[in-house]
1. Relative to a virtual label point 7 Å from the Cα of A:Ala483 in the Cα→beta-carbon direction, which members of the stretch A:253-271 show backbone nitrogen distances below 14 Å?
2. Using the Cα centre of the protein assembly as shown as the reference point, and only Cβ charges (+1 on K/R, -1 on D/E), how large is the resulting charge dipole? Debye, rounded to the nearest 20.
3. If you check each cysteine of chain A for another cysteine whose beta-carbon is under 4.7 Å away, which ones come up empty?
4. With axes computed from alpha carbons, what is the tilt in degrees of helix A:575-585 against the longest principal axis of chain A, rounded to the nearest 10 within 0 to 90?
5. Quick one: A:Trp415, B:Trp47, A:Trp257, fewest Cβ neighbours within 10 Å first, how do they rank?
6. Relative contact order of chain A, please, whole-number percent, based on alpha carbon pairs below 8 angstrom and at least 6 residues apart.
7. Going by C-beta contacts inside 10 Å, put A:His111, A:His498 in order with the fewest on the left.
8. Can you work out the FRET efficiency for the pair A:Ser60 and A:Phe389, with r the C-beta to C-beta distance and R0 = 56 Å, to the nearest 0.05?
Amino acid sequence: MNMSIPVQRFPEHVALVGNPNCGKTALFNLLTGSRQKVANYAGVTVERKEGRCLVAPQRSIRILDLPGAYSLAATSLDEAITRDVCFGKLQGEARPDLIICVLDATNLRLHLRFALELRQLGLPIIVALNMMDAAARRGILIDIEKLEQALGMPVVQTVAVKRGGASDLLQMLGGAMPIPPAALGGDIDLHAEVRKILSSAVIVPRRTGAIDDAIDRWALHPIWGLVLLATVMFLMFQAVFSWAAPFMDGIKSLIQWIGLSLSSALPPGPLRSLLVEGIIAGVGGVLVFLPQILFLFLFILALEESGYLPRAAYLLDKLMVGAGLTGRSFIPLLSGFACAIPGIMATRTIQNERDRLVTILVTPLMTCSARLPVYALLIGAFIPRRTVFDIFNLQGVVLFALYFAGVASALVVAWVMKYLRRDRTEHALLLELPSYRIPHPRDIAIGLWERASIFVRRVGTIILSLTVLLWFLSSYPAAPADAIGPAIDYSFAGRIGHALQAVFAPIGFNWQICIALIPGLAAREVAVSSMATVYALSAASENAAAELAPIIASQWSLATALSLLAWYVFAPQCLSTLAVIRRETASWRTMLLAAAYLFALAYAASFITYQVASRWS
Amino acid sequence: MKIYDIVQWSIILSALLLSSLYMLGRIAPQWRVQLAQHLQQPNYARWINNFGSRIARAAGCGSGCNTCGTCATPNSSNKK
């Protein structure tokens, strides 16, 4: 007798979906062991991420983390990715065989609607009720059985930010696939359905958001809110200089010691020159800024985790709309403080194509962390370490001013673009304000570790490589026997630097700066390592890494230093940023426009700064 | 030529070669892939083939970036 036995199917390819800021990426990290960026605001994930998760001995499944979406009717590029993957329409991506719908348990009123909408996919769905710890703290009671019945899908509780917080989900993923829920009729009012589910399965205390409301009365106040924002930012830059100083001195001493040890251990020759004047001077000159970068990110990560940043976006919306941007531009612009590339990618959350393009074009004006070593070097060399009004660190004030100049110039450029275009319609900001959360020390520590790893990796790869190549170009061809000037003048780099000086002389740049600008195209902080190498080779100093600041302080005028600072506020010296602009806009023209206007702005700002400062000093 | 000179020039040339290849992979990943394919031709010595396969990996996503923290960690991959 031929009997057909139903075969149990196990999930192999699973997609995490849900509204923005429900904890999908935190859950993805917990399941796969990855360390993708998480933060307490919507729009952090803008493209699909993939990982593997071991669900049973010898059996792993593939997990996709998709951008947050409020609906399958996508209105932005990131939502379109989620929609296309769910319907199996994304090229090169198989349709998942199981969906994990992640819901924020503290905000079911908003998130349940999407869970109901997913029923039309006809795929098996597991609902992960995330942030259950936060829901319990607020006194929110959820009847899981009733919720399962109402949704027609199995529901598991998760706490994605805690180890073991997804054990129930893992157990379910290790078993057979659930039956796909039946699609809802097209005429069903999803909002009414959500209200019905909430009334039967969820009890929410009346004053659940009392603390948030109390904080928001100050944080979102049109005047005090802006004062608070300015104070937070100001303190951040003060701390970058004040707190990092002892750590920087420690690294500087270590580099100095390594340089001196190598100098005494090796006989004079090209290898010693490569190691001491090239690698130690160049790489060490950048590595010394690691503490400042970490202190900056300590503040940024804490603000991200706390839920304050969307409030800042709300506060600045009026200002941004006035400048031709939208409140939605805030998160991409803020991401630009770390690196312009994730900032440009984060513009995918902006629905309006025109707003998105303007945001892409002004994001490089945000001061990325790669510019911090350049700023810190010049401020350390030219701005005295003293206090203003007995409270503020003057160096911190100048750093704040430079960051402010970047933001102000972005707003001015956006405003000009608004005037140049015909369509001047303004788009209202619809923003979800997350609950305030005390930053988790573990998340902050992971974030800082990631930033430190990224920085050290950059130092050990791109900066080291460029330093080695620049050392060669600055050392060869060697000077002739009857040479009068320094040997570097006869090298490839020396000749290139002198040739470029004609172009940059009106803005006060000497030939050493001109040399540093070229490798700085690959990564901005390479300009510091390049200057350290060039000055080490020029001066035959054995400790240029530690001495670079005093060397430039004695050889440059204040006008030149200010001109270089102005240059770095605008300069498009990062090929990767231009490549991403090209990729995200699919337009060479836009990329060339970005490069041209940023270069023109940088040159004009440096010219004015240099000419004014030369007359005053 | 003294042994020290041989050692020091070997180190310098290796550093220059590796740095050039690294930068080629970042700035022009396609060129690095083409070079790798060329080195993997069967008429070359085995060590050249091995070297070619070692440098065959293209850099990052092709944008020449891999620096922003949004790229994949070793445990996951990230495709557009």
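1. Under 14 Å, as judged by backbone N against the label point of A:Ala483, lie A:269-270 of the stretch A:253-271.
2. Using Cβ point charges on Lys, Arg, Asp and Glu, the protein assembly as shown gives about 580 debye.
3. Lacking a cysteine Cβ partner under 4.7 Å: A:Cys22, A:Cys53, A:Cys86, A:Cys101, A:Cys368, A:Cys514, A:Cys574.
4. With both axes taken from Cα atoms, the answer is about 30 degrees.
5. Least crowded to most crowded, the residues run B:Trp47, A:Trp257, A:Trp415.
6. 13 percent
7. Listing A:His111, A:His498 from fewest to most nearby Cβ atoms yields A:His498, A:His111.
8. The value I calculate is 0.40.
Each reported figure results from applying straightforward, stated rules to the coordinates on display, with no laboratory input. Since the structure is predicted, the reported quantities are computational estimates derived from the model, not experimental observations. Glycine also receives a Cβ, built like all others from the backbone with ideal geometry; neighbour counts cover every protein chain displayed.
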